[in-house]
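Working notes, beginning with the structure itself.
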Amino acid sequence: MAIAIPTGNTSAINAALSQAVVGPLQEKSTFLSLPGINIVDTAAPLRIPLSATTAPAAAFTAPGDEIAQQNVGLTEKVLLPTERVGIKSLTAVSNELIRMAQLNLESVLQQRIVEDAAVVLDAALWNGAGTADSITGVLHGVTATSSADLLTDPDVLIDALAEMAESYVTPTVLVMRPTTYAALRKIKVSSTDNRYVIDPAAAFAVGQQNLFGVAVVTTTAVPANSVAILDTSHIWVGRDIDSSVVVLTEALGTKDSIGIRAVSRYDVLTTHAAAVQLYKAS
């Protein structure tokens with residue numbers, strides 16, 4: 001007598017559906033999590049006053065003598081001007097698919113749509129070209145300093161950090177690709193001495209990537225074999241609306257479908273050019 005077994009009767013078995021939705025491998029959002037960055041919630045344009053660099057006129061003055069006058073020039077930068085456009089998407093889903101799905105398909109789609117929008121936003125905050133009233137990223141237009149020894153001699157980055165300090169900015173984060181970080185960590189004492197110049201344990205102190213005591217953020221937003229050095233206290237992000245997702249039940253009613261609308265609107269600017277530096281291997 002033949003015994004019916006599962007492998008021979010798969011059509012009689014309802015397949016179980018995993019509750020873990022596996023998404024694509026893609027870049028993680030990194031910009032908004034940078035340490036020390038200034039994020040301001042505002043729907044209206046935000047004017048940031050900037051005082052021009054002038055020679056200090058304050059001086060030691062004897063009693064009764066004329067006090068020297070000082071002129072201070074003021075300019076401003078505008079964050080989230082009225083013409084700045086947002087990132088928007090509309091995803092249509094048929095009601096048949098919603099009813100047939102074995103899990104809450106709306107929530108799954110909303111999660112994926114938000115993640116996709118975050119990737120687009122992150123790329124714009126780093127490298128956006130500012131075309132058609134979109135975001136101009138902090139690395140866009142930055143002239144890179146070339147060095148043949150960037151990935152072989154730690155002194156290059158040590159000197160770069162010192163030069164920024166000489167310009168009165170304090171580097172708070174080093175940004176680079178994971179492969180660039182690996183190359184820096186693999187610098188050896190010499191061709192015959194395989195000891196690492198950078199202590200491997202110190203590179204992950206307190207569970208955070210760092211070099212020379214400065215936090216490291218890895219992202220593919222930076223060019224290959226390059227390191228961006230930022231003073232994030234001079235980087236301002238304007239946030240009008242953050243990943244607002246709305247399910248529209250009537251907009252596609254004539255097609256018996258729903259629409260999932262996702263909207264976010266951001267802007268970014270750097271108040272001092274010296275706060276963003278880029279070094280590349282030549």
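The values are calculated or read from the model by the stated rules, or taken from the named source; none is laboratory data. Keep in mind it's a predicted model, so treat the numbers as computed, not measured. Glycine also receives a Cβ, built like all others from the backbone with ideal geometry; neighbour counts cover every protein chain displayed. Just the protein is used for accessible areas: all its heavy atoms, side chains included, with ligands, DNA and RNA removed. Shrake-Rupley method; radii C 1.70, N 1.55, O 1.52, S 1.80 Å.
Worth pointing out:
- Spatially, the range 56-125 and the range 245-282 are offset by 9 Å when compared through their Cα centroids.
- Peptides 29-36, 185-192, 223-230 ranked from most to least packed, by the mean per-residue count of other Cβ atoms within 10 Å: 223-230, 29-36, 185-192.
- Three-way shape label, the chain, alpha-carbon gyration tensor, a/c 1.5: oblate
- Solvent-accessible surface of the range 89-184, averaged per residue with a 1.4 angstrom probe and all protein chains in place: 52 square angstrom.
- By DSSP, the beta bridges lying fully in the range 145-249 are antiparallel in about 65 percent of cases.
- Gaussian network model of the chain, springs between alpha carbon atoms under 10 Å - residue of GLN110, GLN26, GLN70 with greatest fluctuation: GLN70
- Computed from backbone phi, the HN-Hα couplings of the range 101-118 come to 5, 8, 9, 6, 5, 4, 5, 5, 5, 4, 4, 5, 5, 5, 5, 5, 5, 5 Hz, rounded to whole numbers (Karplus: 6.51 cos²θ - 1.76 cosθ + 1.60, θ = phi - 60°; Gly and Pro given as x).
- If you plug the beta carbon distance of ALA274 and ARG99 into 1/(1 + (r/R0)^6) with R0 = 41 Å, you get a FRET efficiency near 0.10.
- Approximating the spin labels as points 7 Å out from Cα along Cα→Cβ, the THR170-to-ASN225 distance works out to 3.5 nm.
- Prolate/oblate/rounded label for the range 38-85 (Cα gyration tensor, a/c 1.5): prolate
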